[in-house]
Ligand SMILES: C[S@@+](CC[C@H](N)C(=O)[O-])C[C@H]1O[C@@H](n2cnc3c(N)ncnc32)[C@H](O)[C@@H]1O
């Protein structure tokens, strides 16, 4: 079903959704936490049962727009008094079958909270597996999923000029980017995805988002952006007969070539000082470390780049294959399941793949030469949106790059509010065996530190400069002050990057 964009109808739709209180928490309240989890797992029957017999606007809209179920024209007219059932059909979001209105898309509420404040959106996308009742069509336009929210949360929150969102899908990253950016160019190979992005911008009354069709950097060749964001189609997929190529998750290349190409080429559209943030998968091959491969992609960029790559998770080929076969709507036990999983295993075996990494890639185009090259595995608990933390880390690194050790001696630091210290003692022994610093926010890092560093962090209360504290700690521990300073300062730099410490000014 083709979408027909119409600003007046979108405004009427928005006012109806608003009046019905069609918000994420209200919908959850309709069916409760457990049923909500079931919906997240693609099991919608419990939610349908919870709505049975209800005729209020919120319940009708949840049934049609959230779950993708049909309803009578009269009940939808009552739930959408300004738009009407016919308006929903005219927008291309539903069709009529006699007296029934049958949705052709989902429109789900989405909460958003960031530096610009709290907000609520409604995001239209194609019907999901549960609504379709089987494998998805290959041209499916994805709704907001876990990866979408991860990248939306990772996006830097400071104000910026031009932002590029590659592979915009329903437009969630573009909408998010527009909260910080003056203008956003959103690209996709899928015309239907671009239509959803335009519709979602209209529905949420957001201007300044331009959509362009084309693959990767083609639609913006020769242009530069201060920020690039992308949740690209990174899913590694066998290029074999009978394996569906889902446009929404698979860029049509072999192995992890799409992410490799993205990393190699993104520098060409980054303005000096610009930052690119993307999610990706990378393969571990026999005798080839996955993060080392990402490093080689960064090195292959014609524009030298700073890089911070965080691997969050690793899967073995079987777990990866099963994850993505199931994600396409093919259930374990169905006839297609085993051949599809085998196709994935054969594909991985052909390249000697032993594991697949998933994580976040942050690239920065320096004005002079790159100084940041962090490739790390961080699997700690992440409590909230990471954007502010990533922004603080990049700001600390830029400030530190310009600081000599003498400057750092003179700096006054403060321990971050989310840091706690745990000391583990052998029973009966006074001195601790292990001292741990734990971070409640950010990447939830846990560090083993020695007594000198623990003392420095503990004393960093925004009062005395680092150099004074180091001398006092050297006296206390009866060690050479110069040697202690040489040992501590690089680690203080690290703690400033990772957010355990901050500058007091
Ligand atoms: C994983 S979805 C991400 C959608 C959305 N940005 C989000 O975060 O939820 C990837 C998107 O990339 C698009 N895509 C696939 N191949 C592409 C290519 N070669 N160039 C640009 N976009 C592509 C797909 O159509 C899809 O909309």
Q) Which of the residues belonging to the stretch 202-225 are in a loop (DSSP other than H, G, I, E, B), over 19 Å from the mean Cα position of the chain (by Cα) and within 9 Å of the ligand (Cβ to nearest atom)? A) 214, 215, 217
Q) So which strands (runs of 3 or more DSSP E) stay within the stretch 50-120 end to end and still have 1 or more residues that are closer than 20 Å to residue 30 by Cβ? A) 100-103, 105-114
Q: Out of 396, 385, 373, report the one residue that is modelled with pLDDT of 95 or more and under 21 Å from residue 155 (Cβ atoms).
A: 396
Q. Assigned by TED's automatic domain parsing to the domain that holds residue 250, more than 27 Å from residue 328 (Cα to Cα) and in contact with a helix residue (DSSP H, G or I) (Cβ under 8 Å, 6 or more places away or on another chain): does that describe residue 158?
A. yes
Q) Does the stretch 191-201 hold any residues that are over 9 Å from residue 168 (Cα atoms) and near the ligand (Cβ under 8 Å from one of its atoms), and which are they? A) none
Q. From the residues in the stretch 154-190 that are more than 6 Å from the ligand (Cβ to nearest atom) and in a helix (DSSP H, G or I), which one is nearest to residue 208 (Cα to Cα)?
A. 178
Q: Identify, from the list 228, 243, the residue that is away from the ligand (no atom under 11 Å from the Cβ) and over 21 Å from residue 317 (Cα atoms).
A: 228
Q. Which of the residues that make up the stretch 142-153 are near the ligand (Cβ under 6 Å from one of its atoms) and within 13 Å of residue 277 (Cα to Cα)?
A. 148, 151
Q: Give the stretch 258-273 a look and list any residue that's more than 15 Å from residue 302 (Cα to Cα) and either more than 14 Å from the ligand (Cβ to nearest atom) or over 20 Å from the mean Cα position of the chain (by Cα) (or both), or say none.
A: 273
Q. Is at least one residue of the stretch 352-375 within 18 Å of the chain's Cα centre (by Cα), under 30 Å from residue 128 (Cβ atoms) and assigned to a helix (DSSP H, G or I)?
A. no
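The values are calculated or read from the model by the stated rules, or taken from the named source; none is laboratory data. Quick caveat, the model's predicted, so the values are computed rather than measured. Cβ: placed from backbone, ideal geometry, glycine included. Neighbour counts: every protein chain shown.
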